[in-house]
Every structure is written in structure tokens, then in C-alpha cells.
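**Q** Dumping the structure here so I can ask a few things about it.
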Amino acid sequence: MTDASRRDILTHGIIGASLAAAPSLTLAQSGDMAKLRKAVDAGNDAAIKRIQEWISLPSIAAENRDMLKGAQYMAALAKDAGFQKAEIVPTKGHPAVFATLDAGAKRTMGIYFMYDVKQFDPAEWSSPPLEARIVDKPGWGKAIVGRGAINQKGPEATFLATLHAFRAAGVKLPVNLVLLAEGEEEIGSPNFSDAATRPDVLAALKRCEGIIIPAAWQDKQGNVDVNLGSKGIIELELIASGAKWKRGPAKDLHSSYKAMVDSPSWRLVQALQTLVTPDGNTPAIDGWFENVRPLSAREKALIAENAKRSNEADMKTSMGVPVWIDDLPFQQALERLASQPTVNIEGLVAGYTGPGGKTVLPARAVAKIDCRLVPNQTRAEATRKLRAHLDKRGFTDIEVNVSGGYDPTETAEDSRVIRAELATYKKAGLTATLNPRLAGSWPGAVFTAPPVSLPAGHFGLGHGSGAHAPDEYYVIESTNPKVASLPQATMGFADFLYQIAAIS
């Protein structure tokens, strides 16, 4: 088969045919979807280039790297895609971007973007993380590799490509749009709520049917999950130091002095051991489970259905794990994934960590921690309980430096956003499974909680993987007919917007 023939099948095959067909929605004029598809195909090269150019500008909040440039670039992308207004919103930290597109429609849809990305070490990548090269991914097809490719610049740029297609085709958008983008998602969104509740931003959000964050999570069977919520998170550091403890060294010492000098590193280890059960799997912080809500019967039923449709062996292989916690059966492991809060050590740093040995007694030790939260926990409650737990055990000297975080999210199954997602996936011929809760986190609580109080979730076709890891990628030309290429993913957003406009 020639490359041209393969590309034609991928572009106009099962998924492409389903999404290119005339929609059943009365709001979509006859022939509009065909016009859009033609514009999507004509703009595909430009859409790929847009992703690559965006990846080449890494805005990294944790390193304060190119943050203003990132916000300015985000605002320019929005304007270029047709938003009439795109404004940089100052915060106490890195700025947000607020944009609006008035299409004269009856309904308005909210869109969440993040323009920041995680840190990276180029030495760990097989392809330079800022060059956004197109490589062959066995079993998937051609993919862009780069930091931010799937999290989130690839899916976000795909949504922008949809808007470019509407303009190029001369087709009126079926909904108005409100876009709110932040630059601090990867450090726990410490100032995002301030941006979302600025009076003019809040007024615009309150007009929306709901919020989506673009995604691309199709598995090899083409299936997707529709998440009804996400866990919350607290990101923090626990720090033990001789200076705060009033014991141990004020600066690193030769390790021979350990015979007569206390160690802040061991102090931190002892504090960490109190936070979890001996196996490290269950939080043991005083009162941690006091407000945790058990899974409902409906949530358990959804998880059971997910377990039946998922491939446990593939999941273990992709994660590189041989067994689940406590050797649990798959369904029970999935129930735990959705229902349990966690205390995780992201990293431990003390003293010398380079090649070989260096006999020092460190004066300072740091544990980077993330705590995942479930309904009905809150960030404020969890932070307070962590501090009280340490103090009660005599660890008043251990610093608790919270850098960011937010509460869990929940969205009603019968909300227009969820029903429109399910309708779009069904129309594309995909199996979509309702998932009670995403184990990962995003600042959707800013939208789902007062004063915004909107349904919020993830939506998108296509595939990518490797978020936060080396060789992060986003598929643009799928060799799997069940998984969308970039043009089909672009059309998926168009169909979703029509569904939002029409669904009762």
C-alpha cells in the first residue's frame, strides 16, 4: 500500500466517514460538515506546524522559564483562531489568558487550556524535547515527540485547528466560546482561582454550559473514558533542617561526626514513616479519612463495567508493574484507584547525589510530596490535618511548604457536557465508558465549585502518552483505523460543539 493510499484510509476511513457524514443536528446546515472537513484537510499541515512551534516555546512555571512569553503566545494563538478578545490576566504568580469568541449563538461553551509544561532533562529523551520531531511510534503511527505534546499542547492546538477550519470554511460556529488558560497547572494552580473569579471573567464563565479541557486518550481499541470527576491534589515539600530543629548541623558536615551529631535526614525519614501504614499504601494521617465519601452503588457498577472492557495485562505492561497493591483483583484495584486518597513521595533530596560517594552529614533534607484527594476532602482540610499530625508527634520543626493544589471535581452524569461527549463519541462509532473519577488531577474544581458552579470534564479523540515523562508524544497520523488521526480529532471537536448547541 502506498503512503498516499494509507493516508487516504486514515483520513477518510471509519472514524473520518462517521464524523464527516451529515450530522443529525438541525443546527448544522446541510453540507457544513463537508465544508469543514475540506477545510480541516487543507489546514492539516498548518495544524501540525502550529503544534510543533508551540512545543518549541517551553513555558515552565517551576523554573520561571519563559512565562510571560508563554502567556503572550497563548493570547496570540487565541486571536489567530478567531477569538475577538484575548487578554493577559495578571495574578500573584504567572499570568492567565482570558479570551472570548462571540458567534451570535444561543449557547456558550467554556474551554480550559494550560500553556505551561513540566520540566525535562534532554539527556533522557530519544528525540530532543523542544524540536517536536515527527517519529514513527510502532502500533500507533506518526507522532510528534516533545514536552507538552500530549499534556496539553497537542490536544489544545487540535481544538484551535477546529476553529481555524470554521473560519476557512465560512461556517458559523454553533456556540460562543469562553477560553481561560493558565500558566501554573504544573505547579498546582496556586493562583488560577483568582483569575477565574475576576468579575468580568466570572460573568463570562457563568454564561457557559460547562467547561472542557481538550484530551486525546483513545486506547488501541479506539475506546475512551468519560470522566465524571477527578481527584484533587496538594503539592508540597516537607523539609527537615538543623537550623529549624535546633539539633544537627547548620551546614553539611563530614559524615564521621554522625557519631556525635544528629541527622536531619533521618529526622525527615522518621516523620515520613508516620504519614502512611507500614506498607506505604494507605495514608495514616490523623483524621485523613474522616470526610472521605465511599463509592456509591452506581460508581461501583461503572467501575465493574470498566474492568470488563479494559485489558488488565496491557495496563500492567504499559505501567511496568507486575501486580496491584495487596495483589488485588483488577476490579478491586480499579475501585481503590477511584476511591482512595494517597500520600506519595515524588522525590527525596539530601546531601550529595552525584556519582560515587561523598561522606557528608547533610544539614537539610527535603521530601517532595503529592497528596491526592477524593470527595469530600478539601485542600484546606488536608493541609491542616497534615500539619496537626506532625505537630502531635513532636515534628513541629518539619516545615510544610504547600506550593499548590485544589479540591476534587464532580460532574453530574446527566449534565449537557457529559451527554454531548457521549453523543459525539457514539456518532464517531466509538465505545465510551463512564468513569466515576480520574485518578489524576486538574484544576476543574475552580469551575465545578462555587462561585462558578459548572459541569466540567475532558473531551477529545486521538491518542498520546508520556505526560511528565521522557519521549512524550501525540499521534498525528494513526496507523490504527480505530484511533483518530489529527484530522478526525479536529472534526471531533466540531461535532462536539454542534452537540452542545443542540442537545436538550
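Nothing in this text is a laboratory measurement; each read-out follows from the coordinates by a stated rule. Model, not experiment: these values are computed from the prediction. Cβ placement follows ideal geometry from the backbone for every residue including glycine, while neighbour counts extend to all protein chains displayed.
**Q** Just to be sure I understand the model, the point goes 7 Å from the Cα along the line to the Cβ. What's the resulting Asn401 to Ile325 distance in nm?
**A** 2.8
**Q** Still on this structure, I have one more. So how much slack lies between Val292 and Asp262, counting 0.36 nm per residue of separation and subtracting their Cα-Cα distance, in nm?
**A** Full-extension gain reported as 7.0 nm.
**Q** I've got another one for you. List the aspartates and glutamates whose alpha-carbon lies under 18 Å from that of Lys49, not counting same-chain residues fewer than 8 positions away?
**A** Asp41, Asp80, Glu131, Asp136, Glu156, Glu472, Glu477
**Q** Still on this structure: What FRET efficiency do you get for Ala243 and Lys172 if R0 is 51 Å and r is their Cβ-Cβ distance, rounded to the nearest 0.05?
**A** 0.20
**Q** So if we plug the beta-carbon distance of Val349 and Ile134 into 1/(1 + (r/R0)^6) with R0 = 45 Å, what FRET efficiency do we get, rounded to 0.05?
**A** 0.80
**Q** Turning to a different aspect of this structure: With charges set only on the Cβ (+1 for Lys and Arg, -1 for Asp and Glu), what does the dipole of segment 236-342 come to about its Cα centre, in debye to the nearest 20?
**A** Dipole about the Cα centre, nearest 20: 380 debye.
**Q** Give me the one-decimal nm value for the distance between modelled label points at Thr431 and Thr274, 7 Å along each residue's Cα-to-Cβ direction.
**A** In this crude label model, Thr431 to Thr274 measures out at 4.9 nm.
**Q** Of (1) -0.45, -0.98; (2) -0.55, -0.96; (3) -0.40, -0.97, which is the value of log10 I(q)/I(0) by the Debye sum over Cα atoms at q = 0.07, 0.11 Å⁻¹ derived from the coordinates here?
**A** (3)
**Q** Taking the Cα of Ala42, stepping 7 Å toward and past its beta carbon, and measuring to each backbone N in segment 147-168: which are under 15 Å?
**A** Those under the cut-off are 162-168.
**Q** For the chain, the longest stretch holding no GluC sites (Glu not before Pro) located in a DSSP loop with at most 16 other Cβ atoms within 10 Å is which?
**A** 132-289
**Q** Would you mind working out the magnitude of the charge dipole of segment 415-504 relative to its Cα centre, with +1 at each Lys and Arg C-beta and -1 at each Asp and Glu C-beta, to the nearest 20 Debye?
**A** Around 420 debye, computed over segment 415-504.
**Q** Using alpha carbon centroids, what distance separates segment 277-322 and segment 356-429, in Å?
**A** Segment 277-322 and segment 356-429 have Cα centres spaced 16 Å from each other.
**Q** Mind listing which trypsin sites (Lys or Arg not before Pro) in segment 39-138 are in a DSSP loop and have 11 or fewer other Cβ atoms within 10 Å?
**A** Lys92, Lys106
**Q** Subtracting the Cα-Cα distance from 0.36 nm times the residue separation, let me have the gained length for Lys308 to Glu413 in nm, one decimal.
**A** Extra length from Lys308 to Glu413 when fully extended: 35.8 nm.
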